[in-house]
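What follows draws every value from the coordinates through simple rules; no lab data is involved. Note that the coordinates shown come from a computational prediction; the quantities given were computed from them, not determined experimentally. Cβ coordinates were reconstructed from backbone atoms using ideal geometry, including for glycine residues, and neighbour counts include every protein chain displayed.
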Amino acid sequence: DVRAVLQRDDRKLILMLPPAAVRGPMQDLLASADFVLVATHDETLSRHESGPGPVASQGWFEAEVARISSQLPAHKLIFAIGAFGYHWDAQRLQRRISVQEAWDTVRLSQANLHFDRRALNHRLVWNDEAQQPHETWFLDGITAFNQVRAALAVQPAGIAIWRLGLEDPGVWASVGRGRVPDNDTLPALRL
């Protein structure tokens, strides 16, 4: 019914879902949407443990894109690419942060910045003044380059960035009207 009303005004119905929701009973609801925006940016929700880890490792991301695109037509799919981070404190409490906050942490705390070669996500580890451990994982322009490139292989209807305001400005080198993650994009991603 909602879709019919929207169509009269030449508007579209976009349904946003976490990746796990693209299964069985949702198919009828998904069929009535013009587009399905799938949040492919939070591996931490799918892990059984609640401790630190990649926000969206490349392997996990590609597996989710393959699984989702096998269940929904590509012309309806919009993949939401992550552009933020998570910080875990000494009590293992998780908090969402901006990419800028992660970079500020490197500068202010002398945290060690690592690009995890397995996850293809950035990781920071440091101790605060009280020698309490901290860990941060985040997605920046480099991870967006890799993930957008993988998502475009299935020719989706679109790419979205989640969460605006927390992103690395380098994300926009790979995403946007007329922009693709190719060799011309790489110079904009240099640290």
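Using the Cβ-Cβ distance between residue 153 and residue 184 with R0 = 25 Å, the FRET efficiency computed as 1/(1 + (r/R0)^6) comes to roughly 0.85. What label, among (i) 32, 19, 14; (ii) 25, 18, 15; (iii) 28, 22, 15, belongs to semi-axes √(5λ) of the Cα gyration tensor in Å computed from the structure on display? Label (i) holds the value from this structure. A cut-off of 5 Å between modelled amide H atoms, ignoring neighbours fewer than 5 places along the same chain, links residue 161 with 81.
Each residue, residue 109 and residue 32, gets one label point 7 Å from its Cα in the Cβ direction; the gap between the two is 4.6 nm.
Oblate is the label for segment 136-191, because the ratio a/c of its alpha-carbon gyration tensor axes (a ≥ b ≥ c) is 1.5 or higher and a/b is not greater than b/c.
Kirkwood analysis of segment 82-165, using all unique Cα-Cα pairs, places the hydrodynamic radius at 13.8 Å. Would you be so kind as to identify which of 134, 74, 165 lies farthest towards the positive end of the dipole of the chain, taking Lys and Arg as +1 and Asp and Glu as -1 on Cβ and the Cα centre as origin? Farthest towards the positive pole: 74. Working note: 222 nm ellipticity from helices only, DSSP H runs with n ≥ 4, each -39,500 (n - 2.57), summed and divided by the residues of the chain, gives -7500 deg cm²/dmol to the nearest 500.
Working note: Karplus 6.51/-1.76/1.60 with θ = phi - 60° gives segment 94-110 the couplings 9, 9, 6, 9, 7, 5, 4, 4, 5, 5, 4, 4, 4, 5, 7, 10, 6 Hz, where Gly and Pro are set to x. Mean separation of Cα pairs under 8 Å and 6 or more residues apart, divided by the residue count, gives the chain a relative contact order of 21 percent.
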